[in-house]
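Beneath this line is the structure, given in structure tokens, with notes to follow.
The values are calculated or read from the model by the stated rules, or taken from the named source; none is laboratory data. The structure presented is a predicted model; accordingly, all values stated were derived computationally and were not measured. Note that we place each Cβ from the backbone using ideal geometry, even for glycine, and neighbour counts take in every protein chain shown.
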Amino acid sequence: MAVSPDAVGMVLPPISMDIERGRLAAFARVTRATDPAYSDLDAAKNAGHRDIPVPPTFLFAIELEQADPFWWARNIGVEVNYVLHGEQRFTYHRVAYAGERLTANAVITDVFSKRGGALEFIIKKTAISDEAGARGRGSGHDVVVRNPGVGS
Amino acid sequence: MSTPTDLAVGTELAALKIDPISRTTLALFTGASGDTNPVHLDHEIAQAAGMPDVFAQGMLSMAYLGRLLTDLFPPDRLRSYGVRFAAITPVKGEPTCTATVTSIDESGGERRATLALSVALADGTVTLTGDAVVAL
């Protein structure tokens with residue numbers, strides 16, 4: 001298969017997620033977090049947080065908060081069962097907390113192939129903003145996720 | 001959390017050893033992470049995709065490595081965190097997460113350490129490499 005180069009510049013619809021304490025506690029349990037601040041509100045407050053902090057990689061969940069998270073990949077010619085996650089990068093501007101509603105805005109920034117087309121790479125960048133739309137103001141939450149999928 | 005105070009280039013931070021990853025963990029991480037890709041849950045679908053069995057979500061290893069970071073540093077110190085997924089983690093795999101300080105410099109008006117990160121299985125297979133920048 002070939003990923004259409006027309007995919008470059010494709011803007012995905014924004015996806016919002018209410019960050020819930022229970023979901024963060026479940027994430028902390030399965031990753032066997034030992035710091036109770038990541039699962040217990042009192043422990044979080046005792047550690048100086050205003051609520052349970054969002055762990056560094058949980059932000060990846062926002063874009064998955066839809067019935068068919070990979071519809072966009074199929075739309076550009078990718079067989080999802082053959083997708084591998086190649087790289088993932090987060091840049092943090094502030095800590096996010098339970099109780100916030102965060103919105104992910106993603107755009108496909110590059111598509112290229114390697115090994116004579118045996119591997120195809122899709123680079124997606126996502127900005128995550130809070131309800132104040134803090135992205136771009138410099139004082140708020142602005143996370144950039146570099147998220148190349150690898151299709152083969 | 002015990003934030004290390006005497007980091008220097010070459011300092012190895014405390015390794016984080018994870019118990020063998022069970023199928024239950026894969027199922028629970030599906031719910032917690034929102035990654036519902038069935039190749040991590042359903043043996044038949046994994047085999048149809050050419051894999052011998054289900055395998056762990058890459059983001060599970062990235063979450064474990066993130067735990068190593070948040071066990072040592074308050075979350076507001078983390079500036080960036082990135083990884084490259086190098087090999088699949090099979091079910092029952094036993095990852096160990098490690099971090100080493102590779103540089104310390106002044107940037108953005110603060111002192112920052114750059115860490116080289118790695119996750120390896122018991123047989124030595126490196127499943128993930130990466131880096132993180134933390135403010136000291």
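Assorted remarks:
- Extreme residue, nearest to B:Thr30 (Cα to Cα), among residues of the range A:23-49 that are part of a loop (DSSP other than H, G, I, E, B) and more than 9 Å from chain B (Cβ to nearest Cβ): A:Ser39
- Residue match in the range A:57-65 (condition: without any contact (Cβ under 8 Å) to a residue 60 or more places away in the chain and either more than 10 Å from chain B (Cβ to nearest Cβ) or charged (D, E, K, R) (or both)): yes
- Residue that is nearest to the chain's Cα centre (by Cα), among those in the range B:1-40 that are in a loop (DSSP other than H, G, I, E, B) and surrounded by 17 or more Cβ atoms within 10 Å (Cβ to Cβ): B:Ile18
- Failed criterion for B:Leu117 (all others in (1) more than 24 Å from B:Val9 (Cβ to Cβ); (2) surrounded by 20 or more Cβ atoms within 10 Å (Cβ to Cβ); (3) not charged (D, E, K, R) hold): (1)
- Residue check, A:Glu87 acidic (Asp, Glu), surrounded by fewer than 21 Cβ atoms within 10 Å (Cβ to Cβ) and more than 30 Å from B:Gly108 (Cα to Cα): no
- Options A:Thr91, A:Thr31; residue that is assigned by TED's automatic domain parsing to the domain that holds A:Val107 and under 23 Å from B:Val83 (Cα atoms): A:Thr91
- The sole residue among A:Ile19, A:Ile52, A:Ile62 that is β-branched (Val, Ile, Thr) and over 15 Å from the mean Cα position of the chain (by Cα) is A:Ile52.
- Across the range B:1-45, the number of residues qualifying as over 22 Å from A:Tyr38 (Cα atoms), of a type in the set (A, V, I, L, M, F, W, C) and more than 9 Å from every other protein chain (Cβ to nearest Cβ) comes to 4.
- Answer residue from the range A:108-130, given it is acidic (Asp, Glu) and surrounded by fewer than 20 Cβ atoms within 10 Å (Cβ to Cβ) and is nearest to the chain's Cα centre (by Cα) among those: A:Asp130
- Taken as a whole, the range B:53-72 holds at least one residue that is away from chain A (no Cβ under 12 Å) and buried (at least 18 other Cβ atoms within 10 Å of the Cβ).
- Answer residue from the range B:84-98, given it is within 13 Å of B:Thr129 (Cβ to Cβ) and within 13 Å of another protein chain (Cβ to nearest Cβ) and is nearest to the chain's Cα centre (by Cα) among those: B:Cys97
For (1) over 29 Å from A:Pro69 (Cβ atoms); (2) touching a strand residue (DSSP E or B) at 6+ places or on another chain (Cβ under 9 Å); (3) without any contact (Cβ under 8 Å) to a residue 40 or more places away in the chain, each residue gets a yes or a no:
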| residue | (1), (2), (3) |
| --- | --- |
| B:Pro20 | no, no, no |
| B:Arg23 | no, no, no |
| B:Arg77 | yes, yes, no |
| B:Asp105 | yes, yes, yes |
| B:Ala113 | yes, yes, no |
| B:Thr125 | no, no, yes |
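- Complete set of residues in the range A:77-112 that are acidic (Asp, Glu) and either more than 13 Å from chain B (Cβ to nearest Cβ) or assigned to a helix (DSSP H, G or I) (or both): A:Glu100, A:Asp110
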